[in-house]
Every structure is written in structure tokens, then in C-alpha cells.
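First comes the structure, then the notes that go with it.
The values are calculated or read from the model by the stated rules, or taken from the named source; none is laboratory data. Source: prediction; values computed, not measured. All Cβ positions, even for glycine, are placed from backbone atoms using ideal geometry, and neighbour counts span all protein chains on display. These accessible areas exclude ligands, DNA and RNA; they are computed on the full protein's heavy atoms, side chains included. Shrake-Rupley method; radii C 1.70, N 1.55, O 1.52, S 1.80 Å.
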Amino acid sequence: MKKIFSIIALSAAIGGLTSCSDFLDQESPSEQNDESVWESAFYTEARVNKLYGGLGQDRTYSQDLAIVWNLNSDIELVDGLGNDATNASSERGNMNYNQSPGWAKISGVWDAMYGIVEDANLNIAGIRSSSLLSAGGSEQKAMQRYLGECLTLRAMIYFDLVRIFGDIPLKLEPSKADLSNAYLNKTDRDEIMDSIMNNLEEAIEYLPWADDVSGYTTEHVTKGFAHGLLAQVALTRAGYAIREQAKEGYETASYSDATYPTQRPGAAERKALYEKALKHLSEIIKSGKHSLNPSFENEWYLVNQLILDQSYHENIFEIPLGQNVTGELGYTVGVRLNGVTSKYGYGNSAGKLKLTAPLIYSYDDNDTRRDVTCSYLQIKQDGSLTIEELLGNAPFGIYVGKWDARKMSDSWLNDNLKATAKHVTGINPIKMRYSNVLLWYAEVMNELAGPDGAYSGDAGLTARQALALVHVRAFDGDNKAGAQAYVDGIPSDKNSFFNAIVDENAWEFAGEGFRKWDLIRWNILAEKIKQFKTDYLNQLAQGVYQEKVYFNYTDASKTSIDYSSITWHGLPIGKSEADYQGSASSFGGAKIDDTTDKQVYVNLPSISSGLVGDDVKVVNRYIMPIASTTISASNGRLHNSYGYSD
């Protein structure tokens, strides 16, 4: 592990910031002048590696953009309920859409992300000026690859900034010493997305597929990721977005604010963007370089073990982090370790991101993703034993099981047993999976050709076949036939099939930070959050939830719960309480007819209250404000919209 070059952060001026990454193997030579750096492939690589290091900061992808800022959706919640949900000085209020320009972490994210942009701009300008870029041979190939990496990483950063903040400054050149080009006005987000799609078209030509070059793993951006990112940008560009002002020729949604309309491009432009997305998704599928791990559970076991899947390359790009260096997955989010335990050592917080009871009950009982994804338990010490216990009536407080101390490496465990304070896991955030590609492909094919049609440039799969690959993978053995029957039974009209894609998106990606952004571009974020609330109340009223669930243990000492034995739907026919070793209260304990019930009358109304509550200030305002400190330092160039103050 090496300390990498300090990151230049651009807000209104340039400052320094240091981070690490587990795959970096050299120090960037701060004493080198630019001319000598770009005439050396070795030093250029160090400068490129510095970009990856920037992705491991708390204010970028170690914590904020991997966990917190992807909230709330209809299935994923920040752990801010009741009065916490309006606390605009923390993530609890801001992620419940009660945002404030005064929240300090907003400027932290802005500065850190623009810091990476500044470094990428320096690299791109330097590489383009290098004689090695046209020298031929292995050094030219290397420099082209480095250029492709920088273009792709910059595109990824700008794409995330646009999704968070809307219109932002677009800066594609290094800052000048006199800062004459450092203070910029906002650029329309469509122009930004068009620009980065052009950059990605170029980058694709330079980048290798994963593992086609020795050591060039999915901890680097690859040709596959660049194709996929371009398709994702195209789909977002074709989708709905809340606007600072109406755009001529765009369609305005029925659910829209009068001052800040929610709009998407017209039909002809959308079709062209769908065709662009199809081209790039088809390239990934036809390449054969990426596929689904036959076992959903095993893919997440590998993630927890810090082992790259080099057999299937299902995770198309994992942001490279380092154990004990950076990485909040498994600590700030994941299966709960409630205090110090003799078996696992130091506890975790694991509470910032929670899942919901309606999500658990939406899964088919034979879907293996449910028990990997939804952790309805916590691990704690009871005397001399480390035990698992169920959570009880916590319909909005279910932990995400995809990051699980019970699946982590011996190295992590040995460190955690010795720890007396927090130490980070180094688990890589996943920016794209092959299942993303397949579901995007299904979406595009459904739009262009319906569930079962073919279209020029497709990958030889219909929308239904692509969806089936994702859905059926989640079932084992004899249950695969039933899973295929479900997909075959989806009606052949576009709307029904689209709704099936929306459902699959929830089952496949819960907790991973993808869903909110898809719901936004589909313009169903508020609709789906309202539906989740209605579903919970209806299921409660209809007795879908049990007041008490029963379960068995896997061991004689009764420390480990057999998760598959939980009686989610009541005692099976022919079974009684005596057939189970343990029980716990559950979601059915809440009471609609009791106005003092906290879950129904306090917690539920507070969830996403700034977006769907009784006092929504701007319709569909999911956009984050620009920080007040950033605006004050912008020389009058920046301002807030959407009803936010500066």
C-alpha cells in the first residue's frame, strides 16, 4: 500500500487532500514537472492511479456516494424517523428530502468530486500533449489506456454530480494559475451528458476488456464499464428530470412543479438515445466478457472476502479500496454487530441504510436474493456466547445483509478481534453489475420492440429473455422452472413488462444505491414511495404481517438462526409452535386503530416527508442544493434554484 499524490480540490480555488487505494503501487512524484511526467508512462500511471485514490474518500465513494446520497427510495431508507427526519443538519433530514444548503457535508462532496475532475483534467491535457501518445508500440498503447481511464472516470464523476445537483459548472481543462477559468457558471445538464457521452465514445477505443491485459482487473474502468456507463447516461438523458426552467420541445410530466417542471426530451430524441444505449449494451452482451455468477449468494460472498470475481466478471467495475484504509461497507451499512462480541470482535454501526417490511414480503419465498439482501437480525454477546436475535417489530429498520461480517475474510476477522475502535473494511463499492446491463437492455428493447420483439443492433436477446437471465438466476434447482414461468407469464404489453422490470430492479439491487436514480429518470420516485406507504398499511390491515414469527437454530447451543426457517407467513400447515425452537415479535405488532402506535403514526409519515409529506415546498424536489459556502465562494457565478435559499 502506498500513499498517493495529494488531490487538488476545486471549489473556488485549489487545495490539497490525501487518500489511498489498495491496488496502487507507486507514489505520484509531486516534485516532477508536468513535462517530464507526461513523457514517462511510469509517472503517468501514477497520476492516473491518484484518481482512483480520490474515489476512496468519505465524501466520495467510501461513504457518501456509496451509501448515504443514494437514499431514499421506496425500499431503502436513511435511519432517520420521526423528528430525525426533519433534521436538516444531518443526513437524516437531507435524505428524507428535507434538504438544507447549510448542511456541511454538501460542500465536502462538491469539493472532493471537483477535486477528482481537476486531476482528471490535468491528466487528460498532459497525456494529449505527450509525444508518447503517437510513438507507437507498447508505450503508445499504455498512454492511450491511461487517457481512456481518465476520460471515463471524469465522465463518471460528472454523471454523479449531475444526478445529485442538476445543472452544474462543466470544466474540461485544468485550472490556470491566476484562476481565470476557475469560476464558472452552471451548464445545462443535457449539455454535460452529451459531452461525457462523446468522451466515453473515445475512451471505449482505448480501454481493454477486464483481464485482457495482465493485472487490468475490474478494479479499473474497462471497455465494458465505459460501454455500460455510456448507456446509463443515455437512458438518464432520455428520462425525466426536474428543471430550473422549462425547455422547448420537451414533454412535461403530469406530476410536476409549476415553477420547476419535470420534463424529458421529445419522442424522436428519446428513440435516438434508446438506440444509442442499445448499441453499447449489446456490445457488452455480445463480447462474452461479462456474465452472471450462477450463485447470487456466492457473488456477495466474494465481495465480502475482498476477492475479485475473475471467472464471470459480474461486477463490471468495483471502486478499489483497502482494508484498514478506507471503506464503510460492512461497517456503516450491513448486518448489525451490536457491541463487542467474542466471535467477531468490535461492533459496527450498520444502521445508516435500512430496508423495509414490504420489500421482504415482495420476494418470492424461493428467491435466494431475499435472505442475502434483507437481514432481520442482529449479532450480540450474551454471557459467554455470541448469538443472533431477530429484530422484532422494525418494519423500517431492516439491515442490508449483502455486507456481512460472517462472510468476511480471516484477515478482517483477526483485525476486528483485536480492534478497540472502528477500522474500515476495504470492501469495494460496486458501480455496475452485469445484471444492471441486462435490465437496462430489457428496458431499452421493451421500449423499442416490446417484450418479445427484435430490433436492429440488438444482442440476439429479447427483452423477456434478458429479464429471465436475471430473475431465474436467483432461484435454485427445481425452483428455476417456477421462476421461468413467472417471466413467461408477464403480459406482452409494454406497460406490464416495464412494471416487471421495476419490480426486478428492487429485488436485484436493494441496498446497492441504484434504485433511486432509476426511479427518478422514470419519474416514479414519489409515486413509488407513496405506494410503499400504502402497501405497508394495507398489508398491516389485511393481516399479511405476523405478530409473532417462529424459527429454528442451526446449532445445539442456539446461537445461529436458521434464516430459512422463519415463518414469515404464519405456521405452515401441519406445524405448531412446538416444532420451533424460538420466536420473536414481528411487523404485525403495529396497530392502525391505535393512534399512539409509533410505527404507523410517527415513523411512517416522517419517511421521505420532504418529497411526499403534507408540506412539500416544491413538487418532485429530489435535487440537492448547492452548499451556501460554495455559493459564497463562487464570485457570484453560482446560485440555488428549486426554492432553496443561497
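Might you check whether a residue that is within 16 Å of the chain's Cα centre (by Cα) and polar (S, T, N, Q) occurs anywhere in segment 73-85?
Yes, the conditions are met somewhere in segment 73-85.
Pairs needed: first member in segment 377-399, among the basic types (Lys, Arg); second member anywhere, open to solvent by 10 Å² or more (accessible area, probe 1.4 Å) and part of a loop (DSSP other than H, G, I, E, B); C-beta distance under 6 Å; at least 6 residues apart or different chains.
Once the first residue is among the basic types (Lys, Arg) and sits in segment 377-399, its partners that are open to solvent by 10 Å² or more (accessible area, probe 1.4 Å) and part of a loop (DSSP other than H, G, I, E, B) give 380/338; 380/339.
What are the residue pairs meeting all of these: first residue in segment 161-176, first residue assigned to a loop (DSSP other than H, G, I, E, B), second residue acidic (Asp, Glu) and open to solvent by less than 10 Å² (accessible area, probe 1.4 Å), Cβ atoms under 8 Å, and 6 or more apart or on different chains?
Between residues of segment 161-176 that are assigned to a loop (DSSP other than H, G, I, E, B) and residues that are acidic (Asp, Glu) and open to solvent by less than 10 Å² (accessible area, probe 1.4 Å), the close pairs are 171/118; 174/118; 175/118.
I need every pair where a residue in segment 580-602 that is more than 18 Å from residue 535 (Cα to Cα) and in contact (Cβ under 8 Å) with a residue 60 or more places away in the chain has its Cβ under 8 Å from the Cβ of a residue that is in a loop (DSSP other than H, G, I, E, B) and polar (S, T, N, Q), sequence separation at least 6 or different chains.
Every condition considered, the pairs that remain are 585/393.
Answer with yes or no whether residue 477 is on the phi > 0 side of the Ramachandran plot and open to solvent by 10 Å² or more (accessible area, probe 1.4 Å).
yes
Looking at the structure I just gave you, is residue 49 of a type in the set (S, T, N, Q), touching a residue at least 24 places away in the same chain (Cβ under 8 Å), open to solvent by less than 20 Å² (accessible area, probe 1.4 Å) and within 17 Å of residue 399 (Cα to Cα)?
Criteria not met by residue 49.
Looking only at segment 326-358, which residues are at pLDDT 95 or above, hydrophobic (A, V, I, L, M, F, W, C) and not in a helix (DSSP H, G or I)?
329, 333, 335, 337, 340, 353, 355
Within segment 307-337, which residues are farther than 21 Å from residue 436 by Cα and touching a Gly at 6+ places or on another chain (Cβ under 6 Å)?
So the first thing to find is which residues in segment 307-337 are farther than 21 Å from residue 436 by Cα, and the list is 321-328, 330-337.
Passing the criteria: 321, 322, 323, 326, 327, 335, 337.
Within the bounds of segment 607-618, is there any residue that is among the acidic types (Asp, Glu), without any contact (Cβ under 8 Å) to a residue 12 or more places away in the chain, open to solvent by 50 Å² or more (accessible area, probe 1.4 Å) and under 29 Å from residue 257 (Cα atoms)?
yes
I'm told residue 640 meets every condition in (1) modelled with pLDDT of 95 or more; (2) surrounded by fewer than 17 Cβ atoms within 10 Å (Cβ to Cβ); (3) not in a helix (DSSP H, G or I) except one. Can you identify the failing condition by its number?
(2)
Would you tally the residues in segment 105-123 being more than 22 Å from the chain's Cα centre (by Cα) and open to solvent by 10 Å² or more (accessible area, probe 1.4 Å)?
1
Within segment 107-120, identify whether any single residue is aromatic (Phe, Trp, Tyr) and out of contact with any Pro (no Cβ under 9 Å at 6 or more places or on another chain), and answer yes or no.
Here is the first cut: in segment 107-120, the ones aromatic (Phe, Trp, Tyr) are 110, 114.
The next check asks that each one be out of contact with any Pro (no Cβ under 9 Å at 6 or more places or on another chain); those that pass are 110.
Yes, that holds for at least one residue.
Quick one: in segment 405-421, which of the residues that are among the hydrophobic types (A, V, I, L, M, F, W, C) and within 19 Å of residue 386 (Cβ to Cβ) is most open to solvent (accessible area, probe 1.4 Å)?
Once the filter is applied, the top-ranked residue is 417.
Does residue 192 satisfy the condition of being under 22 Å from residue 204 (Cβ atoms), more than 23 Å from the chain's Cα centre (by Cα) and in a helix (DSSP H, G or I)?
no
So, in segment 560-578, how many residues would count as being without any contact (Cβ under 8 Å) to a residue 12 or more places away in the chain and charged (D, E, K, R)?
The qualifying residues number 2.
Is it the case that segment 64-87 has a residue that's over 29 Å from residue 522 (Cα atoms), open to solvent by 20 Å² or more (accessible area, probe 1.4 Å) and at pLDDT 95 or above?
Yes, because at least one residue in segment 64-87 is over 29 Å from residue 522 (Cα atoms), open to solvent by 20 Å² or more (accessible area, probe 1.4 Å) and at pLDDT 95 or above.
Between a first residue in segment 511-530 that is farther than 17 Å from residue 77 by Cβ and a second residue that is aliphatic (A, V, I, L, M) and in a loop (DSSP other than H, G, I, E, B), which pairs have beta carbons less than 6 Å apart while being 6 or more apart in sequence or on different chains?
Close Cβ pairs (under 6 Å, with a partner that is aliphatic (A, V, I, L, M) and in a loop (DSSP other than H, G, I, E, B)) amount to 523/253.
Could you check segment 536-553 and list, in sequence order, the residues that are touching a Gly at 6+ places or on another chain (Cβ under 6 Å), buried (at least 17 other Cβ atoms within 10 Å of the Cβ) and under 15 Å from residue 591 (Cβ atoms)?
First pass over segment 536-553, keeping only residues touching a Gly at 6+ places or on another chain (Cβ under 6 Å): 545-547, 551.
Subsequent filtering for residues that are buried (at least 17 other Cβ atoms within 10 Å of the Cβ) retains 545-546, 551.
If the condition is that a residue be touching a Gly at 6+ places or on another chain (Cβ under 6 Å), buried (at least 17 other Cβ atoms within 10 Å of the Cβ) and under 15 Å from residue 591 (Cβ atoms), then 545, 546 are the ones that fit.
Going by the conditions given, is residue 364 closer than 15 Å to residue 401 by Cβ, open to solvent by 10 Å² or more (accessible area, probe 1.4 Å) and at pLDDT 95 or above?
So residue 364 fails the test.
Counting only residues that are out of contact with any Phe, Trp or Tyr (no Cβ under 7 Å at 6 or more places or on another chain) and open to solvent by 40 Å² or more (accessible area, probe 1.4 Å), which one in segment 422-456 is farthest from residue 490 (Cα to Cα)?
So the residue we want is 456.
If you scan segment 131-144, which residues turn out to be surrounded by fewer than 23 Cβ atoms within 10 Å (Cβ to Cβ) and either touching a residue at least 60 places away in the same chain (Cβ under 8 Å) or over 35 Å from the mean Cα position of the chain (by Cα) (or both)?
131, 132, 134, 135, 136, 137, 138, 139, 142, 144
Looking at 178, 212, which one is within 20 Å of residue 52 (Cβ to Cβ), of a type in the set (Asp, Glu), surrounded by fewer than 17 Cβ atoms within 10 Å (Cβ to Cβ) and out of contact with any Gly (no Cβ under 6 Å at 6 or more places or on another chain)?
From the options 178, 212, the qualifying one is 212.
Please indicate, with yes or no, whether at least one residue in segment 575-584 is buried (at least 19 other Cβ atoms within 10 Å of the Cβ) and touching a helix residue (DSSP H, G or I) at 6+ places or on another chain (Cβ under 8 Å).
No; the residues of segment 575-584 include none that is buried (at least 19 other Cβ atoms within 10 Å of the Cβ) and touching a helix residue (DSSP H, G or I) at 6+ places or on another chain (Cβ under 8 Å).
Between residues in segment 249-269 that are at positive phi and residues that are not in a loop (DSSP other than H, G, I, E, B), which pairs lie under 9 Å by C-beta distance while being six or more apart or on different chains?
Cβ pairs passing all conditions: 249/269.
Which condition number does residue 531 fail, the rest of (1) open to solvent by 10 Å² or more (accessible area, probe 1.4 Å); (2) touching a strand residue (DSSP E or B) at 6+ places or on another chain (Cβ under 7 Å); (3) closer than 29 Å to residue 87 by Cβ being met?
So residue 531 meets the others, but not (2).
Assuming residue 483 fulfils every condition listed in (1) crowded, with 18+ Cβ neighbours inside 10 Å; (2) out of contact with any His (no Cβ under 9 Å at 6 or more places or on another chain); (3) within 13 Å of residue 367 (Cβ to Cβ) apart from one, which condition is it?
(2)
Applying the selection to segment 457-474, what residues are touching a Lys or Arg at 6+ places or on another chain (Cβ under 7 Å) and either open to solvent by less than 20 Å² (accessible area, probe 1.4 Å) or aliphatic (A, V, I, L, M) (or both)?
Answer for segment 457-474, where residues must be touching a Lys or Arg at 6+ places or on another chain (Cβ under 7 Å) and either open to solvent by less than 20 Å² (accessible area, probe 1.4 Å) or aliphatic (A, V, I, L, M) (or both): 459, 472, 474.
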